[in-house]
Amino acid sequence: MMDAADWIVIERLQQGIPLCPRPFAAMAEDLGMSEHDFLRRIRALMADGSVRRLGPRVRHHQAGILGNIMVAWQVPDDRVDEVGATLAASPSVTHCYERPPFEGFPYNVYSMVHAADLPAAESIVRELSDLCGVREYQMLRTVRELKKSTPVYRHPEGDHAN
């Protein structure tokens with residue numbers, strides 16, 4: 001069961017991971033706890049499923065990655081798992097998931113491809129198409145980023161009571 005200190009750790013994690021040699025030590029210091037205790041709490045929260053993922057959120061444009069393309073793939077139903085695994089294994093693919101197709105848009109597998117520029121990203125998409133043997137796809141280029149935010153979770157009672 002989570003206690004008040006667990007919620008404080010979660011709230012600190014939501015503020016972002018600092019770019020420094022020992023980010024968890026810096027975060028723990030912000031909270032007045034040891035790095036060991038901070039990491040122990042994160043591991044426990046992950047083990048019990050309270051925290052499912054911990055990782056960086058890269059702002060691609062700010063990092064100089066200008067070739068960002070969402071690819072909608074039309075994959076036969078009996079090949080979705082195989083094609084999805086192949087796409088997801090590519091180091092250039094950051095997201096890969098299945099969605100039901102709808103009328104007028106028959107695509108059912110989506111992947112996000114990133115490269116230094118658009119020509120490089122388009123080349124990667126063509127390589128992935130050859131690798132998977134899927135020829136029916138649409139490249140949806142990022143025109144502008146409308147929103148990129150991290151979900152914020154709060155203690156159900158709004159405070160840190162048990």
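The values are calculated or read from the model by the stated rules, or taken from the named source; none is laboratory data. Keep in mind the model is a prediction, meaning the values are calculated, not measured. We place every Cβ from the backbone using ideal geometry, glycine too, and count neighbours over all the protein chains shown.
Go through (1) buried (at least 19 other Cβ atoms within 10 Å of the Cβ); (2) under 30 Å from residue 39 (Cα atoms) for residue 89 and report which single condition fails.
(1)
What are the pairs, 6+ residues apart or on separate chains, where a residue within region 94-118 that is among the charged types (D, E, K, R) has its Cβ under 8 Å from a residue that is part of a strand (DSSP E or B)?
Short answer, once both residue conditions are applied: 98/109; 98/110; 99/109; 99/110; 117/67.
Select, from 67, 16, the only residue that is over 30 Å from residue 137 (Cβ atoms), among the small types (Gly, Ala, Ser) and either touching a strand residue (DSSP E or B) at 6+ places or on another chain (Cβ under 7 Å) or at pLDDT below 95 (or both).
Answer to the selection: 16.
Which one of 62, 74 is out of contact with any Cys (no Cβ under 7 Å at 6 or more places or on another chain), polar (S, T, N, Q) and not assigned by TED's automatic domain parsing to the domain that holds residue 128?
That would be 62, the only listed residue that is out of contact with any Cys (no Cβ under 7 Å at 6 or more places or on another chain), polar (S, T, N, Q) and not assigned by TED's automatic domain parsing to the domain that holds residue 128.
Looking at (1) surrounded by 15 or more Cβ atoms within 10 Å (Cβ to Cβ); (2) touching a helix residue (DSSP H, G or I) at 6+ places or on another chain (Cβ under 9 Å), find the lone condition where residue 84 falls short.
(2)
One residue is enough: does region 17-40 have a residue meeting the conditions of a type in the set (Val, Ile, Thr), under 24 Å from residue 152 (Cβ atoms), surrounded by fewer than 17 Cβ atoms within 10 Å (Cβ to Cβ) and touching a Ser or Thr at 6+ places or on another chain (Cβ under 9 Å)? Please lay out each step first, then the result.
Residues of region 17-40 that are of a type in the set (Val, Ile, Thr), as a first pass: 17.
If we keep only those that are under 24 Å from residue 152 (Cβ atoms) too, we end up with 17.
Still in the list and also surrounded by fewer than 17 Cβ atoms within 10 Å (Cβ to Cβ): 17.
Adding the requirement that they be touching a Ser or Thr at 6+ places or on another chain (Cβ under 9 Å) leaves none.
No, region 17-40 contains no residue that is of a type in the set (Val, Ile, Thr), under 24 Å from residue 152 (Cβ atoms), surrounded by fewer than 17 Cβ atoms within 10 Å (Cβ to Cβ) and touching a Ser or Thr at 6+ places or on another chain (Cβ under 9 Å).
Could you please give the count of residues in region 90-123 that are in a strand (DSSP E or B) and not acidic (Asp, Glu)?
Number satisfying all stated conditions: 14.
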